[in-house]
Amino acid sequence: MSGLVIRAIGVGKTYRVGASVVEAVRAFDLEVKRGEFVTLMGPSGCGKSTLLNLFGCIDTPSSGRLEVFGSDVAAMTEAQRASVRLHRVGFVFQRFYLLPVLTALENVELPMIEARPSLASS
Ligand SMILES: Nc1ncnc2c1ncn2[C@@H]1O[C@H](COP(=O)(O)OP(=O)(O)O)[C@@H](O)[C@H]1O
Ligand SMILES: [Mg+2]
């Protein structure tokens, strides 16, 4: 365990679009310690959202090594990455991704039911 929240070493991410490959992030290095406040700035299309998706375990890197809370993201199972998203990472998305058939309160409650099984029966 490195004790770091994020440790990125030479991280790359490519997207395949039809026959072509888009290189969204190339050889990215970063270390974020617990309690640090970090902002990621750059022009549209430079790869900010791609990096946040990687740090939040929504996506996995194409190359390099990425550790989130000391775990190698590429080695995590889908369920392990889902658990990190549920319990350890907070995301404020550009779009809200609310479920339209639920009320605002129910949208907030839904992930809490999954995170705290003891609340589900109350
Ligand atoms: N799902 C995707 N499929 C293909 N290309 C993508 C995808 N997401 C992002 N890209 C491309 O990767 C690059 C970085 O995008 P992105 O991470 O969204 O940048 P930013 O958030 O800084 O605007 C851009 O060239 C974008 O078009
Ligand atoms: Mg973006």
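General observations
- Here segment 4-91 is assigned +1 on the Cβ of each Lys and Arg and -1 on the Cβ of each Asp and Glu. Its dipole about the Cα centre then comes out at about 100 debye.
- In sequence order, calculated HN-Hα J values of segment 6-13 (Karplus, 6.51, -1.76, 1.60; Hz; x Gly/Pro): 10, 9, 10, 10, x, 6, x, 9
- One decimal place: the segment Gln80-Arg116 gains 11.3 nm when fully extended, by the rule 0.36 nm per residue minus the C-alpha distance.
- Largest GNM mean-square fluctuation among Gly45, Gly90, Gly18, using the chain with Cα springs under 10 Å: Gly18.
- Loop-resident trypsin sites (Lys or Arg not before Pro) (DSSP state other than H, G, I, E or B) in segment 1-100 with no more than 16 further Cβ atoms inside 10 Å of their Cβ: Arg34, Arg88, Arg95.
- Average Cα contact separation per residue, segment 4-91, under 8 Å, 6 or more apart, as relative contact order %: 34 percent
- Within a Gaussian network of the chain (alpha carbon springs, distance under 10 Å), most fluctuating of Leu51, Leu110, Leu30: Leu110
- Using the Cβ-Cβ distance between Phe93 and Val17 with R0 = 22 Å, the FRET efficiency computed as 1/(1 + (r/R0)^6) comes to roughly 0.50.
- Of the residues Cys57, Leu86, Gly47, the one whose Cα sits farthest toward the positive end of the charge dipole of segment 4-91, with +1 on the Cβ of Lys and Arg and -1 on the Cβ of Asp and Glu, is Leu86.
- Table column - 3J(HN,Hα) (Hz), segment 48-58, Karplus curve with 6.51, -1.76, 1.60, x for Gly and Pro: 4, 5, 4, 5, 5, 5, 6, 5, x, 6, 7
- Amide H contacts for Asp59 (H built 1.01 Å from N in the peptide plane; partners 5 or more residues away or on another chain; cut-off under 5 Å): Leu54.
Read the figures in this text as sums done on the coordinates, not as results from a lab. Being a predicted model, the structure only gives us computed values, none of them experimental. Here Cβ is always computed from backbone atoms with ideal geometry, including for glycine, and neighbour counts include all displayed protein chains.
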